[in-house]
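The values are calculated or read from the model by the stated rules, or taken from the named source; none is laboratory data. On a predicted model such as this, the values are computed, not experimentally measured, just so you know. Please note: Cβ atoms are built from the backbone with ideal geometry, for glycine as well, and neighbour counts cover all protein chains shown. Keep in mind that these areas ignore ligands, DNA and RNA; they rest on the heavy atoms of the full protein, side chains included. Shrake-Rupley method; radii C 1.70, N 1.55, O 1.52, S 1.80 Å.
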Amino acid sequence: MATTTDALGYEQARDELIEVVRRLEAGGTTLEESLALWERGEELSKVCRRWLEGARARLDAALASEEEAGAAEGAAEDAEEAS
């Protein structure tokens, strides 16, 4: 398992999180190991959430930009038709 989450991409964090959950569900670990896995899972979950929130923000910005461009184009066409 990696020790830092700073440089993890979404897919890496997600895959490691899946492995952490699998190990926790399988059992057979000590309480200390289970707690360490749980803490790692929480860190990985935060990394995934940050990536997804960033992707959502980029998507929202792209859609807003597209809508603004469409509105400006429509206004230009209306002005052209009016003259």
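Assorted remarks:
- Hey, residue 73 charged (D, E, K, R) and surrounded by 11 or more Cβ atoms within 10 Å (Cβ to Cβ) or not: no
- Flag for residue 9 being open to solvent by less than 60 Å² (accessible area, probe 1.4 Å) and in contact (Cβ under 8 Å) with a residue 40 or more places away in the chain: yes
- Taken over segment 25-44, the criterion of being surrounded by 15 or more Cβ atoms within 10 Å (Cβ to Cβ) and not basic (Lys, Arg) is satisfied by 37, 41, 43, 44.
- Which numbered condition residue 65 misses (of (1) out of contact with any Ser or Thr (no Cβ under 8 Å at 6 or more places or on another chain); (2) open to solvent by less than 100 Å² (accessible area, probe 1.4 Å); (3) at pLDDT 95 or above): (3)
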